[in-house]
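Q: Below: one structure in structure tokens.
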Amino acid sequence: MFHKLSTAASADCCEPNIRPISLKKKFKNVECMSILAQKKIASINNKLLDKMPKTRELSDFERGEIVGLSKGSHSVRDISKILQIPKSTVQDVLKKYNDEGMVSTASRTGRPSVLSEQDRRQLVRLTKGNRQATLEQITEEFNKSLTVSASVHTIRRALHIQGYYGRTAKKKPFVSEVNRKKRRFWCIARRNWSDEWDQVIFSDESRFEIFDNDSHKWVWRRANEKYEKDCLQPTVQKSDGIMLWGCFCKNQLGPLVLVEGRITADRYTRLLREHLLPFLNNLRHDTYLFQDDNAPVHTAHRTKAWKERNLGDSILPWPAQSPDLNPIEHLWDVLERRVRLRNPKPKNKVQLFDALQEEWRNLEPETYTKLVHSMPRRVDAVIRANGNPTRY
């Protein structure tokens with residue numbers, strides 16, 4: 001029985017349509033198929049990398065990595081696999097490095113500007129023609145001459161590129177054309193003064209207020225145009241507070257006097273008689289020049305007659321509308337700032353005057369000495385400004 005079965009099985013295995021495969025050959029075929037599949041997958045991956053869209057700009061660090069791997073004997077394909085960057089990109093980076101020695105990207109021009117160079121010059125002319133116009137007004141007026149409408153942001157950016165920013169207007173007294181010429185001639189005549197300023201007694205009145213309600217006005221200007229005539233805010237006298245008169249010279253402070261009520265020529269001459277003359281008698285030098293400005297009470301007939309009788313030729317003529325030439329204006333500013341820093345602040349006119357007197361007495365000698373030494377620079381500044389207001 002067993003022999004027959006064996007014979008039958010042997011006969012079945014020897015059928016002509018069935019060819020037995022050895023186990024060793026079978027495993028060899030599987031291994032070949034696995035290698036082919038891996039190569040196919042690798043080929044597909046490489047094609048995908050080459051076709052991968054560039055979604056962002058490579059950083060300088062990533063470009064440096066590509067160059068570093070290339071110097072480490074890595075092929076373009078290896079670098080692409082390691083960094084997951086398309087081969088074409090790797091090739092471009094290496095070519096740029098080999099040709100130009102650079103790995104960083106060159107700067108690009110970006111979107112073309114809406115405004116031409118001629119448009120920018122026109123914008124500057126328009127802005128300088130009306131420095132107090134708002135940005136919206138400048139944009140509206142500028143667009144009237146353009147075929148392409150520019151936005152407010154474009155106009156702001158163009159003005160900033162040209163150096164124009166919105167800034168508060170500096171407050172300076174208005175200078176007429178006649179007084180501008182007089183200021184210039186006056187300074188030219190004294191441009192070589194040096195020690196002569198040590199003999200001048202500077203004087204002036206100033207008003208101080210308990211509260212400051214000043215508002216700021218904005219203008220369009222460059223940083224160096226702060227004191228251009230059309231960038232200033234003319235000031236007017238205030239009607240509230242206390243009025244003080246004071247004087248000083250290079251080495252000594254004079255009295256600080258409260259002026260009550262409306263000042264007239266009679267009151268002014270009485271003030272000079274009661275306070276200026278004693279100060280002159282206490283000076284260490286006999287030669288002096290008294291300075292006061294061209295306020296109506298200073299130039300009244302009675303005042304002039306009093307000066308001629310009591311001061312003689314010791315009077316320094318002064319150009320009108322020239323507070324920037326008088327260094328006592330800086331002392332007033334120092335007093336103002338020091339009183340404002342007080343805590344508690346003065347609440348009435350009596351407290352304000354007491355505080356100002358105390359701060360006046362506490363002024364350091366170096367402060368008013370330096371102010372007198374600034375006179376040659378002030379004179380030169382007026383000459384360079386052609387008689388217009390200066391930074392002083």
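Taken together, the values in this text are just the output of simple stated rules run on the coordinates, not laboratory data. Since we're looking at a predicted model, the values are computed, not measured. With ideal geometry, Cβ positions are generated from the backbone for all residues, glycine too; neighbour counts draw on all protein chains shown.
Q: When you count, for each residue, the other Cβ atoms within 10 Å and take the mean per peptide, how do 331-344, 219-232 rank with the highest first?
A: For the peptides 331-344, 219-232, the packing ranking is 219-232, 331-344.
Q: Can you work out the FRET efficiency for the pair Ser149 and Arg338, with r the C-beta to C-beta distance and R0 = 51 Å, to the nearest 0.05?
A: With R0 = 51 Å, the Cβ-Cβ based efficiency is 0.45.
Q: Still on this model: List, in the order given, every pair from Lys172/Lys304; Lys345/Lys370; Lys307/Lys347; Lys182/Lys349; Lys304/Lys345 whose Cα-Cα distance in the structure shown is over 32 Å.
A: On the way: Lys172/Lys304 28 Å; Lys345/Lys370 29 Å; Lys307/Lys347 38 Å; Lys182/Lys349 38 Å; Lys304/Lys345 40 Å.
Too far apart for the 32 Å limit: Lys307/Lys347; Lys182/Lys349; Lys304/Lys345.
Q: Calculate the length of the line joining the C-alpha centroid of the stretch 266-299 to that of the stretch 62-124, in whole Å.
A: For the stretch 266-299 versus the stretch 62-124, the Cα centre distance is 77 Å.
Q: In nm, give the distance between the simple-model label positions of His373 and Arg191, each being 7 Å from the Cα along the Cα-to-Cβ direction.
A: 2.4 nm
Q: What order do you get for 373-386, 69-82 when each peptide is scored by the mean count of other beta carbon atoms within 10 Å, highest first?
A: Packing proxy ranking, top to bottom: 373-386, 69-82.
Q: Checking the table Lys170/Lys250; Lys181/Lys229; Lys128/Lys170 against a 18 Å threshold on Cα-Cα, which pairs fail?
A: Checking Cα-Cα distances, Lys170/Lys250 exceed 18 Å.
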